[in-house]
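Just below is one structure, and these are the notes that go with it.
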Amino acid sequence: MNMNKSFHYFLFSFFLSFFFVFFANSPASDFSNTSVQAPAPPLNMKAFDTPNDNGHSITITWELSPDDGAGKSNVISYEILRSDNPDSGFVVRRMVAAGVNTYEDGGVKEKKSEDYFPSHKNFYYRVRANAEKGSSLSDVSPPAYAYGQLFHTGRTVILVACVIFTVFTIMFIRKAKKGEELYIRPLAGIEAVDEAIGRATEMGKPILYILGLGTAADVATIASFTILARISKMTAEYRTPILVPCNDPIVMIVAQETVKAAYLDAGRPEMYKEDNIFYVTSMQFAYVAAVNGIMVRERPATNFYLGKFYAESLILAETGSVAGSIQISGTDEIAQIPFFVAATDYTLIGEELYAASAYLGKEPLLLGSLKAQDWGKALVMISLILGGLAASFHLDFFIKLFAVKL
Amino acid sequence: MHLTPDIGIWIGGLLTLGIFSFLYGDNPYYKFCEALFIGVSAGHWFVTLFWTVFVAKMIRNVEIGLNTFITQGFSAGMADYMHWSYIFGGILGFLMLLRLFPKIGWISRWSLAFVVGTTSGYYFITYLVSNGLRQIQRTILPLYVHGDFYTTIGNLIIIVGTFCGLTYFFFSKEHKGTFGGLARLGIWFLMITFGASFGYTVMSRMSLLIGRMDYIFGTWLGMLG
């Protein structure tokens, strides 16, 4: 009985083995050998000059191989080949991963560089799709050459914003020059300037004016120069000395010119002392150490901190407070405003600093630009409301209006 | 306690204490440290600028331009001749030095005008993009997000906060009535932001203080670990 059962097992095993061997070698089992086949080539090759650049770059696009992703021969990479002859001489420029269907072939303009990419020269491209075993080449692209563009279309919005702002500025400057009264609301910090200078005069002590750590070209420093001119004129009239320790040599020179012109304007050029506007050092905390020393030794009645400030803001303001000075501060450095708010008597927050220079100066140029800024802000406020509504209704075009490509 | 024998660390520790002594009041020790700090930093700054700007930028480039002219004459490419443009910076720097001579000192204003004018023009565009257009783009948010209460509230806070903040910085109108109310709300938003910023920065300053304490008690006096 057992022998009979064993024979049946043997027969079953034999036919099972025969079945597997037979079907394993049959043509229908091709899926087990897919990797040996080359993938289908990439299609629809396009090559064109990369837009919005200075030349020296061509962009290539292609349709992915049908075998990229879910095909029989999964593509693992693409190679971009270039030649200046459509029939021969193609060399590999770059390899990109599967699923990528664009490449920017660029270089530099320096002829001596190894990475030189000539403009105004025709190039032809092919893309090779690589599978694990085997690869296939696309057709040759049409010729393309690189050339620079004079106008960057991605920056059109900057141009429009500049034009709008410039038109506003010119319009308001003309109005101011014609003598039209342009209203600017009072700023508490600036209203206190007269009081602060008067206090220094009564006490017979100097005024300390700190321009911050900015360069002469920083907007905050430029605004501070205008305020310095106004304050210097007042100190000249009151015969109160003004000390201006500077962190930057160029800032010092501009400050000297500003104070000198203010003294001349006040009719007291003989009172101007160039040594009172002096360079200390460009190193941040060494400068702080020096200014702190001046505060505790000279005991100025009033300290002005107007310009660009960084980590030194609180140290200076606290020392001034300990020295018993009345303090007026202003900066556009957002991270430093809290320290000035906490440690000084009056603070000009951000753009108030720019407004203060126009408010004090009353010059048509400054008033006009301040008014233009206000109109610019009004436009931004309108844009925010309209943009919020547009975004709520998924009208993305409105957001794209402000998109800038750099 | 294990005092370091390193003389450099001793000098650093003593100078740190000298600057800290200002907390007690102005004193000769602080004055010495202050004078040393200013003198060394000004000297260091001068030497750094001399080698990294004057020599590395101007002298080197003019040298390259000169060598190119000697070896290739007028046959070199345009890019090679651009090295000469660095001499323009040198001329502007030289004009600044004319301030030392009162009679012709006014010429230095040309350099100032160039530096301030060109940099301001450059900043105008970068500020317009970073502080203007990109801010607007990021603040344009949907007023209502269906099924997401918290995002809706967050978006409304950003939009209302920005709108009211801009109202505060509108200088052409007095802060009265509804406009004044919006401006007051704007300053509330600003003050809350400043408060958060204050706390954050104070924490980072504490880490600086900890660093100094670690230097004094650890590196110098060897009292830690």
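The values are calculated or read from the model by the stated rules, or taken from the named source; none is laboratory data. Note that this is a predicted model, so its numbers are computed, not measured. Note: ideal-geometry Cβ built from the backbone for every residue, glycine included; neighbour counts use all protein chains shown. Surface accessibility is based on the protein's heavy atoms, side chains included, excluding ligands, DNA and RNA. Shrake-Rupley method; radii C 1.70, N 1.55, O 1.52, S 1.80 Å.
Values as computed for the structure displayed
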read-out	value
B:S111, sole failed condition from (1) surrounded by fewer than 16 Cβ atoms within 10 Å (Cβ to Cβ); (2) in a helix (DSSP H, G or I); (3) within 11 Å of chain A (Cβ to nearest Cβ)	(1)
Which numbered condition A:E104 misses (of (1) open to solvent by 40 Å² or more (accessible area, probe 1.4 Å); (2) farther than 30 Å from A:K405 by Cα; (3) not aromatic (F, W, Y))	(2)
Subset of region B:59-101 (residues that are hydrophobic (A, V, I, L, M, F, W, C) and away from chain A (no Cβ under 13 Å))	B:I59, B:V62, B:L66, B:F69, B:I70, B:F74, B:W84, B:I87, B:F88, B:I91, B:F94, B:F101
Which listed residue, of B:I125, B:I136, B:I104, B:I140, is of a type in the set (A, V, I, L, M, F, W, C), touching a helix residue (DSSP H, G or I) at 6+ places or on another chain (Cβ under 7 Å) and more than 7 Å from chain A (Cβ to nearest Cβ)	B:I104
Candidate set from region A:175-211 (those that are of a type in the set (D, E) and under 29 Å from B:K173 (Cα atoms)); member that is surrounded by the most Cβ atoms within 10 Å (Cβ to Cβ)	A:E195
Count of residues meeting criterion [away from chain B (no Cβ under 11 Å), under 27 Å from the mean Cα position of the chain (by Cα) and open to solvent by 20 Å² or more (accessible area, probe 1.4 Å)] in region A:339-368	1
Leading residue by the ranking (nearest to the chain's Cα centre (by Cα)) among those in region B:200-225 that are within 30 Å of A:F339 (Cα to Cα) and in contact (Cβ under 8 Å) with a residue 24 or more places away in the chain	B:R212
Per-region count, region A:382-397, residues assigned to a helix (DSSP H, G or I) and surrounded by fewer than 17 Cβ atoms within 10 Å (Cβ to Cβ)	6
Matching helices (runs of 4 or more DSSP H) fully within region A:312-367 where at least 1 residues are β-branched (V, I, T)	A:312-322, A:337-343
Residues located in region A:212-247, provided they are of a type in the set (K, R) and either without any contact (Cβ under 8 Å) to a residue 60 or more places away in the chain or open to solvent by less than 10 Å² (accessible area, probe 1.4 Å) (or both)	A:K233, A:R239
Test result for B:W106, outside the structural domain of B:V53 (by TED's automatic domain parsing), on the phi < 0 side of the Ramachandran plot, loosely packed, with under 13 Cβ neighbours inside 10 Å and not hydroxyl-bearing (S, T, Y)	yes
Region B:174-218, subset of a type in the set (V, I, T) and in contact with a helix residue (DSSP H, G or I) (Cβ under 6 Å, 6 or more places away or on another chain), residue nearest to A:L182 (Cα to Cα)	B:I187
Total residues in region A:114-160, condition under 29 Å from the mean Cα position of the chain (by Cα), part of a loop (DSSP other than H, G, I, E, B) and more than 17 Å from A:P51 (Cβ to Cβ)	1
Odd one out for B:W84, checked against (1) modelled with pLDDT under 85; (2) under 32 Å from the mean Cα position of the chain (by Cα); (3) not polar (S, T, N, Q)	(1)
Lone qualifier among B:I9, B:I38 - being more than 14 Å from chain A (Cβ to nearest Cβ), assigned to a helix (DSSP H, G or I), among the aliphatic types (A, V, I, L, M) and open to solvent by less than 40 Å² (accessible area, probe 1.4 Å)	B:I9
